[in-house]
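All of the numbers you see were taken from the coordinates with simple rules; none came from a lab. Predicted model only: the values in this text are computed from it and were never measured. Note that each Cβ is placed from the backbone with ideal geometry, even for glycine, and that neighbours are counted across all protein chains shown.
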Ligand SMILES: Nc1ncnc2c1ncn2[C@@H]1O[C@H](COP(=O)(O)OP(=O)(O)O)[C@@H](O)[C@H]1O
Ligand SMILES: N[C@@H](CCC(=O)OP(=O)(O)O)C(=O)O
């Protein structure tokens, strides 16, 4: 599957908005920009995709509310985060609520993500929220976070550097919930050959196969008020892609950013995950049982085997069982022989309505439109797998 197709087909998406996307100058809420992004994300959610938002901005909003100017000590930053976080989530709750999408706040520390029990609780909480149609909104729990204290005490320690900010947090969350795509929205449209604010010759790098020491060396410095800088985005991108998540670094100020990114437009820097197909294939092949079955005609079987195509509704002649979106189903030919397995993009009722139809009819048949395929290529495993 090409880069563009992978982005287009992403079903579970984590979007991280940096301080300079959420605010003007690190303190004033960027109402128009954020509400436009909320509209796009609500639309994604309503189209059946899972959306998790990681939003910075608490310190900036709190700083404004408390009337604080200039450099802030760690204690004051933590106090600002406490004052700003409530305002931030209130704005999101209002905005998503106007579009009939519920939100749920989760505040995290790096310790939460490092502890297996707490990480499992987090995964379960997020997956339940997604099943319920909500958009979880995450931020680091700055007021109790010891990360920055570690950084202050040991500024050069590699451990301190490994404790990222919301870039690192969003990468770990994306990995924990098996997200397909992580969008890091910042104030620059991707990684450049050098910092574009200081080097007018710098050129954008549209995609990266691997993030090595040379790539990391290109990224230094953050904009005033942000904490991570491009380097922390690249480290986050490396961690996420190693865990099977594709990553897109984009300019959060660009109009209709989410729609254009998901349409496959060349917008920022794309970091493809080399792991994804095999990790996903293993998961599908090894799952103990299927929730139902799709019966395919000969043309569909040939398309899957010979053209490595996704499974379109037009090639499906029957459905067995009741299952939800994302369930694992068996694929059988018309003689009843098992030919593979896959994770379905539609529930069994929708599959029954769509069977035998052309993908262009999905809107008309269902009254809404998700994916063109019933099972996308990445979520298919063909050949002998246990039924
Ligand atoms: N090679 C590079 N390419 C792009 N941006 C870079 C590069 N090196 C450093 N930067 C800086 O990284 C900044 C983005 O990081 P940051 O300010 O932390 O964003 P955010 O607040 O969204 O997390 C850019 O504004 C830019 O000045
Ligand atoms: N947790 C902090 C943001 C920390 C952070 O990661 O900032 P940024 O690098 O701008 O995404 C806040 O809400 O202000």
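Things to note:
- Distance between the modelled labels on residue 372 and residue 69, one decimal in nanometres: 5.6 nm (7 Å Cα→Cβ projection).
- A Förster radius of 41 Å, combined with the Cβ-Cβ distance separating residue 47 from residue 218, puts the computed FRET efficiency at roughly 0.70.
- Placing R0 at 22 angstrom, the Cβ-Cβ distance between residue 308 and residue 364 gives a FRET efficiency of 0.20 after rounding to 0.05.
- In degrees, nearest ten, helix 276-286 long axis to first principal axis of the chain (Cα): 50 degrees
- Computed from the alpha carbon atoms alone, the convex hull of the stretch 1-127 holds 140 Å³ per residue.
- Computed lengthening from residue 125 to residue 5, 0.36 nm per intervening residue step minus Cα-Cα distance: 40.2 nm
- Tilt relative to the chain, helix 229-242 - C-alpha long axis, 0 to 90 degrees, to 10: 30 degrees
- Highest-fluctuation residue, 21, 247, 34 considered, GNM on the chain with Cα pairs under 10 Å: 34
- If you take the Cα centroid of the stretch 165-220 and the Cα centroid of the stretch 56-91, the two points sit 26 Å apart.
- Burial ranking of peptide ranges 42-48, 312-318, 65-71 (average Cβ count within 10 Å, highest at the top): 312-318, 42-48, 65-71
- With the convex hull drawn around the C-alpha atoms of the stretch 281-382, the volume per residue stands at 83 Å³.
- Ranking of 270, 35, 323 by count of other Cβ atoms within 10 Å, fewest first: 35, 323, 270
- Simple spin-label estimate for residue 334 and residue 289 gives 3.0 nm between the two label positions (7 Å along the Cα-to-Cβ direction from each Cα).
- The chain: angle of helix 116-131 to the longest principal axis, Cα-based, in degrees nearest 10: 60 degrees
- Note on the chain: helix-only mean residue ellipticity at 222 nm, from DSSP H runs of 4+ residues weighted -39500 (n - 2.57) and normalised by residue number, equals -12000 deg cm²/dmol.
- Residue of 265, 201, 209 that the Gaussian network model of the chain assigns the largest fluctuation, springs spanning Cα pairs under 10 Å: 201
- Within the chain, the proportion of C-alpha pairs whose separation exceeds 32 Å stands at 36%.
- Residue among 217, 185, 263 with the largest mean-square fluctuation in a Gaussian network model of the chain, springs linking Cα atoms under 10 Å: 217
- Residue 25 paired with residue 187, simple spin-label distance in nm, labels 7 Å along Cα-to-beta-carbon: 1.2 nm
- Exposure proxy ranking for 99, 296, 31, based on other Cβ atoms within 10 angstrom of each Cβ and starting from the fewest, stands as 31, 99, 296.
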